[in-house]
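Each remark here refers to the structure printed beneath this line.
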Amino acid sequence: MQEPRGYEEYPIQIVIASNLISLLIYVIGVYILSLYSPFPAILYLCFIGILEFRLICRHCTDCYYFGKVCAFGKSRLSSLLCKPGHPERFSQKKCSGADIVPDLLVFLIPLLAGLLYLAINLSWIIVLLVLTLFILGFLGNALVRGNVACRHCRQREIGCPAEQLFDTSKKS
């Protein structure tokens, strides 16, 4: 079998850039939701924690990069917290639009909360934060995944359910 193309381990600057997008979304989301009260912000943080735990302990364990530095650095973290899975399972997983809804909600919830806040209280800071969320959520994530992370991913070469979902050139 031919060795898959891509990074064996991702350069640290890609890991930092990939995580910076997510961290900015999280921080802006917490700030916007905290404008209502601490409770929605705490629920949002719990939601993020659950999603991160699900990713690290259910998906990363089966990935080619388990124990290595992936584009997001989570496979290395996964190897410290969880037992290894079965790499052949990763490429056999199916991914549908419903599977990505929780990830979309990470930026859509604060985006909608920010828009609602603006309907009640016009604030240029919130306008800027909502625009930033929109750009990071759609363009930032697409740029990181499409042009950096996924482009150099060995797991994608082996078989990735998300790649199968988003690659329109393979659909008939």
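The values are calculated or read from the model by the stated rules, or taken from the named source; none is laboratory data. Everything numeric in this text was worked out from a predicted model, so none of it was measured. All Cβ positions, even for glycine, are placed from backbone atoms using ideal geometry, and neighbour counts span all protein chains on display. Keep in mind that these areas ignore ligands, DNA and RNA; they rest on the heavy atoms of the full protein, side chains included. Shrake-Rupley method; radii C 1.70, N 1.55, O 1.52, S 1.80 Å.
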Tally, over region 7-48, of residues that are within 20 Å of Leu128 (Cα to Cα), touching a Pro at 6+ places or on another chain (Cβ under 9 Å) and among the hydrophobic types (A, V, I, L, M, F, W, C): 5
Scan region 79-99 residue by residue and report those that are touching a Pro at 6+ places or on another chain (Cβ under 9 Å) and either aromatic (Phe, Trp, Tyr) or surrounded by 13 or more Cβ atoms within 10 Å (Cβ to Cβ) (or both). Phe90, Ser91, Lys93, Cys95, Asp99
Number of the exception - Trp124 against (1) in contact with a Pro (Cβ under 6 Å, 6 or more places away or on another chain); (2) over 21 Å from Ser22 (Cα atoms): (1)
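Any chance region 53-60 includes a residue that's among the charged types (D, E, K, R), open to solvent by less than 60 Å² (accessible area, probe 1.4 Å) and either touching a residue at least 40 places away in the same chain (Cβ under 8 Å) or over 27 Å from Ala119 (Cβ atoms) (or both)? So that I can check it myself, show each step before the final result.
Narrowing region 53-60 to residues among the charged types (D, E, K, R): 54, 58.
Still in the list and also open to solvent by less than 60 Å² (accessible area, probe 1.4 Å): none.
For region 53-60, residues among the charged types (D, E, K, R), open to solvent by less than 60 Å² (accessible area, probe 1.4 Å) and either touching a residue at least 40 places away in the same chain (Cβ under 8 Å) or over 27 Å from Ala119 (Cβ atoms) (or both): absent.
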